[in-house]
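Comments concern the structure below.
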Amino acid sequence: MRTAMFRYGAAAFVAAGTLGLLAPSASGAPSAEEIIQRVVTTAAAVPDGASADALFKLRVHKPLSADPDCVFDGTMQIEGGQQSVKVGTRSTGLICWAVNKYIIGQLFEAREPLQSFLARFDFTVLGEKIVENDHYYLVEGRARDPENNPNGLVGWIDFDRGLLTDGTLKYTWGTVDSEQRYEQLNGAWVLTYQLLQTSRYDATLEIEYTNFRFARSGRAGP
């Protein structure tokens, strides 16, 4: 698994508007740039210094209803519009140690600039749907160099709220599907839950974010 696989499942769209990635749009529909810029605006409402507790649950060859193979906790921090996670404690055992060292720790503590990652892709709008009066658009990114990993990504964006709700990262070895849930706290939409799945390894990673703290406005739930 490559370093950027999990981190950019949700974050890949956050800074895309800063790159000026233009795409043609259907009549009356926003362009890819406009859709992604809405996500950028939503993300910018979360102030620097915001943090939350993070809980990771890894399962291999198991349904979500089963007990996890490994559990990790940590602290999520937002600085400069980038989200990182510092892992704290973990389950005991060699497998959990290896997962922490080579996957969890590196993936979520890495600070590769989003601009360099996003510059690899050209974005287009593939489709749209309406869910409970909210407009969703399906946005695809294709790698300019197909030799790179990931070589593609696609995701549904709630345009009215500016939120990436689910998507897929495409690699030469397979795909990683992601699902995100959010809650509005202190006037900002914050990520409270992620589910990452890869059929190639039959593995899932659940991440829950709780006990949000805002540097300028104190503490908020859930």
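The values are calculated or read from the model by the stated rules, or taken from the named source; none is laboratory data. Please read all numbers here as calculations on a predicted model, not as lab measurements. Note: ideal-geometry Cβ built from the backbone for every residue, glycine included; neighbour counts use all protein chains shown.
Residues in the range 52-80 that are among the small types (Gly, Ala, Ser) and within 20 Å of Leu163 (Cβ to Cβ): Ala52, Ala54. Among the residues in the range 202-213, are any under 24 Å from Asp69 (Cα atoms) and surrounded by fewer than 16 Cβ atoms within 10 Å (Cβ to Cβ)? Yes, some residue in the range 202-213 is under 24 Å from Asp69 (Cα atoms) and surrounded by fewer than 16 Cβ atoms within 10 Å (Cβ to Cβ). Residues that are over 10 Å from the mean Cα position of the chain (by Cα) and without any contact (Cβ under 8 Å) to a residue 40 or more places away in the chain within the range 169-180 comprise Lys170, Thr172, Trp173, Gly174, Thr175, Asp177, listed in sequence order. Every test in (1) over 26 Å from Thr41 (Cβ atoms); (2) in contact with a helix residue (DSSP H, G or I) (Cβ under 8 Å, 6 or more places away or on another chain) is passed by Asn151 save one, and that test is (2). Would you confirm whether or not the range 191-213 contains a residue that is without any contact (Cβ under 8 Å) to a residue 60 or more places away in the chain and farther than 30 Å from His61 by Cβ? Scanning the range 191-213, I find no residue that is without any contact (Cβ under 8 Å) to a residue 60 or more places away in the chain and farther than 30 Å from His61 by Cβ, so the answer is no. For the range 50-58, the criterion of being farther than 25 Å from Ser84 by Cβ and at pLDDT 50 or above is met by no residue.
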